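Below you'll find the structure, written out as structure tokens, and then a few comments.
The values are calculated or read from the model by the stated rules, or taken from the named source; none is laboratory data. None of these values were measured; they are calculated from a predicted model. Note: ideal-geometry Cβ built from the backbone for every residue, glycine included; neighbour counts use all protein chains shown.
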There are 2 protein chains.
Amino acid sequence: CCIYFNNIQDFAKKTIEMGKNDPRKIIFSLKMGFALFFVSLLIFWKEPFPEIAQFSIWAILTVLIMFEFTIGGTLIKGFNRGLGTLFAGMLAFIFAQLALWAGEWEKVVWVVSIFIVAFCGTYLKLYPTMAPYEYGYRVFILTYCILIMAGNRTGGYNVAILTRLALIALGACICLIINIGICPIWAGEDLHRLVIKNFMDLATSLEGCIDGYLNCVECDESTNHSEYNGYKSVIESTSREQTLLGFAIWEPPHGRYKMHKNPWRDFVKLSSELRHCAFMVMALHGCIQSKIQAPPEKRKVFQNELKRVGIDATNVLRELGTKLGKMEALNSHENILKEVHETAQNLQKKIDNKSYLLVNSKNWEIGKPNIIDNFDDSSNENGSSENLPLNFQSLSETAIDIRDLHTPQYPKDQLVTKSMLFNKQNHWPSCLSLLDGEKIDTIDEIETYLSASALSLATFASLLIEFVARLQNVVDCFEELSQRAEFKEPISAKS
Amino acid sequence: CCIYFNNIQDFAKKTIEMGKNDPRKIIFSLKMGFALFFVSLLIFWKEPFPEIAQFSIWAILTVLIMFEFTIGGTLIKGFNRGLGTLFAGMLAFIFAQLALWAGEWEKVVWVVSIFIVAFCGTYLKLYPTMAPYEYGYRVFILTYCILIMAGNRTGGYNVAILTRLALIALGACICLIINIGICPIWAGEDLHRLVIKNFMDLATSLEGCIDGYLNCVECDESTNHSEYNGYKSVIESTSREQTLLGFAIWEPPHGRYKMHKNPWRDFVKLSSELRHCAFMVMALHGCIQSKIQAPPEKRKVFQNELKRVGIDATNVLRELGTKLGKMEALNSHENILKEVHETAQNLQKKIDNKSYLLVNSKNWEIGKPNIIDNFDDSSNENGSSENLPLNFQSLSETAIDIRDLHTPQYPKDQLVTKSMLFNKQNHWPSCLSLLDGEKIDTIDEIETYLSASALSLATFASLLIEFVARLQNVVDCFEELSQRAEFKEPISAKS
């Protein structure tokens, strides 16, 4: 009993918190309460039409059906309600005539007509392109049944039908007036905020992924680090965006969007371009989760360049997000991508210069490079990685997936042959060697694995560069949006 | 007018086709028609309670609300309807007492109670975990209003409330009997089919991606090739799976699933593991769409290995899909992944042996490899690529993004400096050189770009290998599912 009480207390606390965090929810609930309150005042109605009090439930039903959180949602539901009711009313009038002609078979006509209407309505609403009007079909069938039943009971078809239609219209009016008149909640604004949030989330996520990769974080799929998973919310926001867009395009121009020509479709397009970038971040995160991992020593070589690209790309995303929030155009005099392109090119150059770290030249069919001869000379040349005593010969030994070897100081000779195979029994590539035989070409396989592990660093860098390349599309799309929606010029450009 | 008529004719044709393709839709519509038909027979009701004919609309309303395509959906709606109605009924009884005590303020109590109920109901349904019961809250408010109005009008609260509750229960019963009794449509079956379809789609998509990459298909983002985009439907099926799962777990064991212990959650888990593979296919497709492209000559070197991995991985996916369809366990004697692991390892070895194609060793800080000396020897060694006159020295020149140079026979000296920069004005990396100055280090940049383009082939191969590595998880998950749901042993194992 005490547990129940605690649960209830807990729930109450959370409910109140929800209201504090998003007061719109309280406002919406109050609006709903008022709308029903006003409609229910109809029960005090006396003259001239006493029937109105009796059938006021139809106005209440309409309010309950139409009252949605956003204005766009209310308008769509209202449209569905209106269209469904109109068709149902027309059909009811037609069948009313038929029923009158049928004489004593009147009720049979009614029942059969309900069957036909229900069948056709249900079948048509299953048609793929009719999905947004699913609701309208339901209303249509319901209203038809209501009108028929009412007419049948009192006999005065026309009066019954008209009274109900009038009450439904009244309910719709009250609903629209209260929902739009008092603190309206616009779907377009939600969409705008969502797209901005996507930019910020992706920036955080990219930062987290690069830091995580460089710090060789062990990323378990079960643990959910919010810093990584920003990209997930970007990718998963598709359906929410589509829903909000569906509502937003119904909304009249309002507030700060009054001057801009319905930018909603462009917002969604921008967001979908951003999603293409998010897919690359997902691939980067995939490198962290990957079974084949590059050794930390090698990552350190490219550390500075990777970090620079990450920081610059993050800055671009954040700036675009901020500008979108302020509805400000890009500065036409400078290229927002200039810096990130430069740093990406530096990364590419570095990879180019150090690609011997990424491949296993021992097995080259065209002959081994003469690397060892002048290795000492070169290690003095590269400034940033001077402190790393990277001996090229030992690279193939350090290139082991560190996640499987939890001893940082391992004996260099044993590790390759035994511990790896033992720890990774169930996983590729070692499962092969266990299946095929015993020691046939174990060394060969391990070398293959090692070279794959080194190449995974190249993959990471290459995905990051592709991310930067795709940023161009986002910027292009942003410019298109800012032109079409007539975003204001940035202040810095004016001064 | 003629156009309208054609449109209607077209629509009618498509509608009839829809029914032919999925006869369940016709059956469902017929069921809906019959359910409403039976309920509407209530208008013939005379004795002993004449009120029943009058209020039969509530049974109709219930049928309209509850009748969903799948059994699970109907049960959930029914549960919502039931719970909402029950609470509304209880609350209505309580307020009815209060109203009676209030005497002449009776109607005021009603109106105020509607406001309170509407406010609380609307607010609570906005609580995140309440989303599945959103519908119940709506029914709750509606039913409360109905009961209050009815009671208010006739004065006989208890009779009014009870009659309506009985009619709602009747509607619910008819709905359940007809929907479950006649040709039931199970959400679980749909879910099962969807997961199988995901396996097949992903297989087709992987095949298409590898073929497309090897044939250097120019992939415009605007064109939608279904063979590539199977992975999209896999990725986008998340929400549909969740919806179907939400319905399926409400369904009782039935048909061929009777013996299996509610495998629905495991189906969805399997599908989400498959989705991790789909992300890799998406990344592979990203390589096709990428701005930085590997030259076709280099792709051809790895052609056979890439194709083998693709074929084997596709076979694994198809076999898993087929086994899932038959609800058959994996053969415990052989490893389904054996072949694909072998071919993946071959690919890795090939990359290892030929990684000089993927990097630009000219810039190595540790000195250039002595490749040119014995290049002629090696070109005789590799069997598969004998026909390709690959001159290592000219590779950096052929490594240009072919999409931007639409002349296949270009003069070898000019192309690097001019045409590329001109065609890619707006795109990285050439935009940099246009911004920075004129010719400072154009050659340097182009070489950087060229090496990036070669490395993109390594990325493709490395992503494919990661795809194979992730297949292990799918197989593990499949085994878990087949154990828990007690799939039958494969026939080949018995014989």
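Within segment B:93-121, the set of residues being acidic (Asp, Glu) and within 12 Å of chain A (Cβ to nearest Cβ) comprises just one member, B:GLU106. Residues in segment A:70-114 that are surrounded by fewer than 19 Cβ atoms within 10 Å (Cβ to Cβ) and either of a type in the set (Phe, Trp, Tyr) or touching a Gly at 6+ places or on another chain (Cβ under 9 Å) (or both): A:PHE79, A:GLY82, A:LEU83, A:PHE87, A:PHE93, A:TRP101, A:TRP105. Counting the residues of segment B:318-358 that are part of a loop (DSSP other than H, G, I, E, B), at pLDDT 80 or above and more than 11 Å from chain A (Cβ to nearest Cβ) gives 5. Test B:ALA131 against the stated conditions and say whether it is closer than 22 Å to A:PHE28 by Cα and surrounded by 22 or more Cβ atoms within 10 Å (Cβ to Cβ). So B:ALA131 does not fit the description; no. Here segment B:245-280 is the region considered, the condition is being among the aromatic types (Phe, Trp, Tyr) and modelled with pLDDT of 80 or more, and the residue that is surrounded by the fewest Cβ atoms within 10 Å (Cβ to Cβ) is B:TRP250. Contact map, segment B:307-328: first residue more than 14 Å from B:ILE491 (Cα to Cα), second residue among the acidic types (Asp, Glu), Cβ cut-off under 7 Å, separation 6 or more or different chains; pairs are B:GLY310/B:GLU207; B:ASP312/B:GLU339; B:THR314/B:GLU207. Residues in segment A:182-204 that are in contact with a His (Cβ under 8 Å, 6 or more places away or on another chain) and in a helix (DSSP H, G or I): 1 in all. Just one of the listed residues (A:MET90, A:MET32) is more than 10 Å from chain B (Cβ to nearest Cβ), out of contact with any strand residue (DSSP E or B) (no Cβ under 7 Å at 6 or more places or on another chain) and part of a helix (DSSP H, G or I), namely A:MET90.
Against the numbered list (1) modelled with pLDDT of 80 or more; (2) small (Gly, Ala, Ser); (3) over 30 Å from A:GLN472 (Cα atoms), B:ALA283 comes up short only at (3).
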